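I have placed the structure first, in the form of structure tokens, so that the comments after it can refer back to it.
The values are calculated or read from the model by the stated rules, or taken from the named source; none is laboratory data. Note that the structure is a prediction, hence the values are computed from the model and not measured. Here Cβ is always computed from backbone atoms with ideal geometry, including for glycine, and neighbour counts include all displayed protein chains.
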Amino acid sequence: MGTIFRRELKGYFDSPMGFGIIGAFVVVIMLLSVLLDPAGSGGNWFERGELSMRTFFGIFPWVAAVVVPAVSMRLWSEDRRQATFELLMTLPIPTWRIALGKYFAGLVFLVCMLLATAAFPLMLMYFGSPDWGPVFGGYIACFLLGAAFVAVGLFVSGLTENQALSFFLAMLICLGIVGVGEMRGMLSEMARENPQAAMIHLLSIPLVGLGILAAVVGRDKLLALIVVVVGFLMNTGVYLFTGGQDKAEDSIRVASTGGEAMVQALAQVAVLEHFREIQRGVVNTNGLVFFVSLIVLFVFLNVWSLESRRYS
Amino acid sequence: MVNRKRNFTLHFYLMAALTTLALGSVNYLGMEFRTRLDLTSDKRFTLSEGTQRLFEKLTEPINVTYYVDEEPPAKRINLERDVRDKLGELAVSSGGKLQYRIERIGNEEASTKREELEKKGITDTVDVLTSGTDERSEMRGVQGYFSSIEVSYGTAKPKVINGIVNLVDKADEAREHRVDTLEFDIAFAVLSLRNDTQRPSFERLLKTRDKPVRLALYISDPMGDQYKPLAENLEKALDEISRQVPAKVNYQRIALGEDAQALQKYPFGDGAIRVQPFDVKRELVMDSDGNPTDVKVTPYIAAVIIQTDPEADQFQAIWSFKDQQSVADMRKVIEDQIWEGTRSRSRVGFVLPPHDPRYGQQPPNGPPLNGYTPLMQYMHDALDYETVYVDIKKEKRIPRDLACLLVMEPNILSERELYEIERYLNEGGNVVLLVQGWEADLGLMPDSMTNGQAAINKVDIDPTFEEWAKHLGVEFGQDLLLRSNAILQPWQISFDRNTGRQRASLYPSTIKFAPVVEPEDLNQSSVFTRGVAGMPLPFLIEEKVNADRVRELELEQTELIRMKDDVFKFIPEDPTQPKVPLKLNLKSPAEVQVEPKTTPGKDIRAQKLDHDPLIATLLRGQFPSFWVDEGRKVPGWDGQQTTETAMPVLNPQKGNLLVMSSAASLNVNYFTGYSQVEQQKVVIPRGINFYRNTVEAFIYGDDLVSLRARTGVAPRIVGPVEDSTRAMWFMFCIAGAPLLLLMFAGLRSFIRTRERDDYEISLGIRESK
């Protein structure tokens, strides 16, 4: 595993690509969080005058959803392109160890990306005495979310030898994960108004995922197509019949009814909800377990998708 | 033959199911056994113990609705985000007992929505728009927007918290309701709603009353056809109410004829109440030829008059019943009104200085009229307390059912009065002592204004009172404290030469002896000082607490107000006849000694203090008896000592003693120089806040005191940032890391080239050999 890890890490820094990704990431995120005002929050960082990194952490999920897939796209695809994939798979070591070696390399690269933003905390220190708790919490949240995105990228990278396709698919999934978090307000309202509809929505998401999985692992295209279409129709139908409600944003409620339980379940699966809580400076076991689960799930999927190739 | 592919697929699905199950279980366990770590320095996302205790006791959910403007002022752009964060945190920390929703109000619907919101008691939050810096700002106008919270709990009427702001600039720190005080605001609202919810059933309320409630229905008879159902429903509702406990309801139906003037024949209390009609029918009266001669007015009346105390000349009237109201609805409206009139109110006692002849004649049985009368009136009218004037000399004892006793200027209390106050305190009473060290007559006559100086007088503090306070560990300073932010302005009375009349004009200067409390002076975590920033404290003296003595007595001390920086003591030119120069400039080296340790010169009128003076403090615990401890005899009412030894305290309990060293904070005599607007918006509310907070804290006791009054917020950049500094840091943030990386990559490439060159050179050497 150590050899694979070193090889992958060297791969990042041997070419200008690794430096390029870090540089681009720093420029984009700093430009957005220091100079510009993407959230319309009342001027740039200096004008708002708040000694915090809230804007930085606020836009990190969106920037990471694009940049991290660029980091992870090469993890398996590069081996496929260079025809070293078969060599790796025939080595007398378990697939999971190879996958973990690659994953940890991606993780270290992510840490390098985050370290490259150290100028921001230095700036906070220069302008006063910031509260370091939320800054520390924010970096933990970024690391956990980034680690989950690396796992997603690893999984997608194992599915195709085309790096561009791998990047694009991983980016879509990561953006989807962030987007679902943003939609929680609407789904929560729907759960309260119409728990059945929300339930169908909630079930249809893994259903579509299962369809994609069936296509990847089982190579059963027809089954996959049916499942995806059913999931899609359920979603559209429910939305059309219930209408989107986005008037109010609600909190987590007591699980006294189906709707309330649903709202609680939604809060539990919304990645951004956990990210925001840790980012504010509140680290809880709930969020940590969730992120670790997400990582384990995608690494597991990656291992089994690779294993399935042995038998295809 | 073994189908390996099928086996693998089965194995995969099995593993997938097991993994999903395992991850689901782990997540569920993480949710069930949730532990959290608040990394913020002030634990701003952790509920205070008081709030946690309160939430644990609640049996019903708390519903919070935040009404916010879709387009708030530019500087409040993060307001909704900040409030949402806080509410979200409260929702999670309350374990699901608090639920919230955010209602955004757009510009288009604002006018239609406004009416609906106003009915709920929701009003605009107003920002004063200024230009310039914090220190030197100019007002440009005002801007109103919605930012209010409605808290519902149980069956009680929801409470509204208006004017919620986030902390953007220093001025916001003086606002009463802020994002960082939201935990307190909501918890306190719930605390009072919980008390309201615990009201007894109506039947029980009636049964427990000594005197019957008098109900009178004034009803038009005959009633117009279209209103007959209304009249029937109302009569049924009143019948039902009166039948519940007949002995405790005195119900009377008074039929009013068609004649509008008949109203005057049915006065409830000597014509004090004139019942309003809910509708009026106007018909033309025709003569025999069919010409209109008059207009006949028929009022339709269906009004209920309620007199909860037959001995008091006070009535409540409900006259706006509606057609669509059911019997139950009407009954509820009437019962609510009776409840409102009979529920017990907190009694606040006042010990007042003697009558001031400028306020007119002293009423025979009423409290003395003086500068504190408006405070007493305001606490009764606006804060809904039952205010009681306590004439200790006359009553010989302080009523033990008082929630709080406010003692204005205790300097001149007799020894026996002080003895009674001590007994009340020792039996678990709550006492606020407002000590006056100096005073001035601000209706300044020209002869008292020699050289533009206002005459001030030192108020003697009674030696027994001083000794008594010292016994409890509190001592008072002699010096009059000044501050450059003082805002008191005197009137100058002069004579008009032409008319010979007196003329009052505002003296164009500020006297520096009413320091204003700044946010940093206040103990921000204390409920006593919430919303007090901005309160002027005329004639302030310092108080000192002897920590050793307080410890010895096992009292708990909390500092409430300590003036930070920029505090001076006044140095009179003539100690026997001290006069404050009205134009005293506390920044002028000619008049002011800024070096605290140096002996002031002859012309120096003020000297900076070398420490931050304490202004208000709270002592809690079981107070010792000054008389018993010292083995003294009980002082007599005539000022002589009796032979009687000090009476032992029968029911010793922990009491609260709050000592403030400026009684005049709400003596309106000192604020006559203010415009009405400033008096209404600044001076009175701030002072009232202090007394209201204190009384409420004493009423609710530990439940309220243990709530955290505020949490911290993200710190801000201090002072202006130069453009060059801004550009430098921006460039560092954007380009610092990429440049470093570029250098690293270049270095790496250089080393590799060198290595390759070395390798090639060594190869070349080898080949040449």
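A few notes on this one:
- When B:V695, B:V713, B:V683, B:V718 are screened for being at pLDDT below 75 and under 16 Å from the mean Cα position of the chain (by Cα), only B:V683 passes.
- Residues that are buried (at least 17 other Cβ atoms within 10 Å of the Cβ) and assigned to a strand (DSSP E or B), drawn from the stretch B:465-484: B:V474, B:F476, B:L481, B:L482, B:R483
- Scanning the stretch B:705-739 for residues that are crowded, with 17+ Cβ neighbours inside 10 Å, out of contact with any Asp or Glu (no Cβ under 6 Å at 6 or more places or on another chain) and of a type in the set (A, V, I, L, M, F, W, C) gives B:V705, B:L707, B:A709, B:I717, B:W729, B:F730, B:F732, B:C733, B:I734, B:A737.
- Under the condition of being among the hydrophobic types (A, V, I, L, M, F, W, C) and closer than 13 Å to A:N284 by Cα, the residues counted in the stretch B:16-73 number 6.
- Qualifying position, being touching a Pro at 6+ places or on another chain (Cβ under 9 Å) and outside the structural domain of B:K157 (by TED's automatic domain parsing), among B:L98, B:L29, B:L39, B:L129: B:L39
- Listed by first and then second residue, the pairs with beta-carbon distance under 8 Å, at least 6 apart or on different chains, first residue in the stretch B:14-42 and more than 7 Å from chain A (Cβ to nearest Cβ) and under 22 Å from A:G133 (Cβ atoms), second small (G, A, S) and assigned to a loop (DSSP other than H, G, I, E, B), are B:D42/B:G712.
- Annotation: of all residues in the stretch B:28-54 being polar (S, T, N, Q) and farther than 22 Å from A:Y139 by Cα, the one that is modelled with the lowest pLDDT is B:S48.
- Those residues of the stretch A:120-170 which are at pLDDT 90 or above and hydroxyl-bearing (S, T, Y), in sequence order: A:Y139
- The criterion of being out of contact with any strand residue (DSSP E or B) (no Cβ under 9 Å at 6 or more places or on another chain), under 26 Å from A:L301 (Cβ atoms), within 13 Å of another protein chain (Cβ to nearest Cβ) and not acidic (D, E) holds for A:C112.
- Apart from one condition, B:G163 fits all of (1) of a type outside the set (S, T, N, Q); (2) on the phi > 0 side of the Ramachandran plot; (3) part of a helix (DSSP H, G or I); the exception is (3).
Conditions (1) away from chain A (no Cβ under 14 Å); (2) touching a residue at least 12 places away in the same chain (Cβ under 8 Å), marked per residue:
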residue	(1), (2)
B:L704	yes, yes
B:T711	no, yes
B:E722	no, no
B:R726	no, no
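- Annotation note: Cβ proximity below 8 Å between a residue of the stretch B:573-590 that is small (G, A, S) and a residue that is part of a loop (DSSP other than H, G, I, E, B) (sequence gap 6+ or interchain) occurs for B:A590/B:D603.
- For B:F698, the conditions (1) within 20 Å of B:L481 (Cβ to Cβ); (2) in contact with a strand residue (DSSP E or B) (Cβ under 6 Å, 6 or more places away or on another chain) are fulfilled apart from (1).
- Scanning the stretch B:399-416 for residues that are under 21 Å from B:Y700 (Cβ atoms) and assigned to a loop (DSSP other than H, G, I, E, B) yields B:P399, B:R400, B:D401, B:L402, B:A403.
- Selection count, the stretch B:198-236, where residues are buried (at least 16 other Cβ atoms within 10 Å of the Cβ) and in contact with an Asp or Glu (Cβ under 8 Å, 6 or more places away or on another chain): 6
- Members of the stretch B:84-110 found to be more than 10 Å from chain A (Cβ to nearest Cβ) and over 24 Å from the mean Cα position of the chain (by Cα), listed by number: B:I105, B:G106, B:N107, B:E108, B:E109, B:A110
- Among strands (runs of 3 or more DSSP E) entirely within the stretch B:617-734, having at least 1 residues that are more than 30 Å from B:D441 (Cβ to Cβ) and among the hydrophobic types (A, V, I, L, M, F, W, C) singles out B:633-635, B:655-660.
- Count of residues meeting criterion [farther than 12 Å from B:A16 by Cα and at the interface with another protein chain (Cβ under 9 Å from one of its Cβ atoms)] in the stretch A:296-309: 2
- Test for B:R84: is it of a type in the set (K, R) and within 17 Å of B:I161 (Cβ to Cβ): yes
- Listed by first and then second residue, the pairs with beta-carbon distance under 6 Å, at least 6 apart or on different chains, first residue in the stretch A:1-22 and within 14 Å of A:I98 (Cβ to Cβ), second surrounded by 14 or more Cβ atoms within 10 Å (Cβ to Cβ) and β-branched (V, I, T), are A:I4/A:I98.
- Residue that is modelled with the highest pLDDT, among those in the stretch B:373-390 that are over 15 Å from B:M408 (Cα atoms) and assigned to a loop (DSSP other than H, G, I, E, B): B:Y385
- Residue within the stretch B:250-267 that is at pLDDT 85 or above, part of a helix (DSSP H, G or I) and either in the same structural domain as B:Q316 (by TED's automatic domain parsing) or not hydrophobic (A, V, I, L, M, F, W, C) (or both) present: no
- Helices (runs of 4 or more DSSP H) enclosed by the stretch A:1-106 - at least 1 residues per element that are within 30 Å of B:F730 (Cβ to Cβ): A:2-14, A:16-30, A:45-48, A:54-72
- Scanning the stretch A:123-137 for residues that are closer than 18 Å to A:V28 by Cα and more than 7 Å from every other protein chain (Cβ to nearest Cβ) returns no hits.
- Within the stretch B:508-517, the set of residues being touching a helix residue (DSSP H, G or I) at 6+ places or on another chain (Cβ under 8 Å) and of a type outside the set (V, I, T) comprises B:S509, B:A514.
- Any chance B:R81 is facing chain A (nearest Cβ under 10 Å) and either buried (at least 18 other Cβ atoms within 10 Å of the Cβ) or over 25 Å from A:G58 (Cβ atoms) (or both): no
- Of all residues in the stretch A:278-295, exactly one satisfies the criterion of being surrounded by fewer than 23 Cβ atoms within 10 Å (Cβ to Cβ), facing chain B (nearest Cβ under 7 Å) and touching a residue at least 60 places away in the same chain (Cβ under 8 Å), namely A:V283.
- Here A:G158 fulfils each of the conditions (1) touching a Leu at 6+ places or on another chain (Cβ under 8 Å); (2) in contact (Cβ under 8 Å) with a residue 40 or more places away in the chain; (3) more than 14 Å from chain B (Cβ to nearest Cβ); (4) under 22 Å from B:P738 (Cβ atoms) apart from (4).
- Qualifying residues in the stretch B:329-351 (those that are of a type in the set (A, V, I, L, M) and either at pLDDT 90 or above or buried (at least 19 other Cβ atoms within 10 Å of the Cβ) (or both)) - the one nearest to B:D309 (Cα to Cα): B:I338
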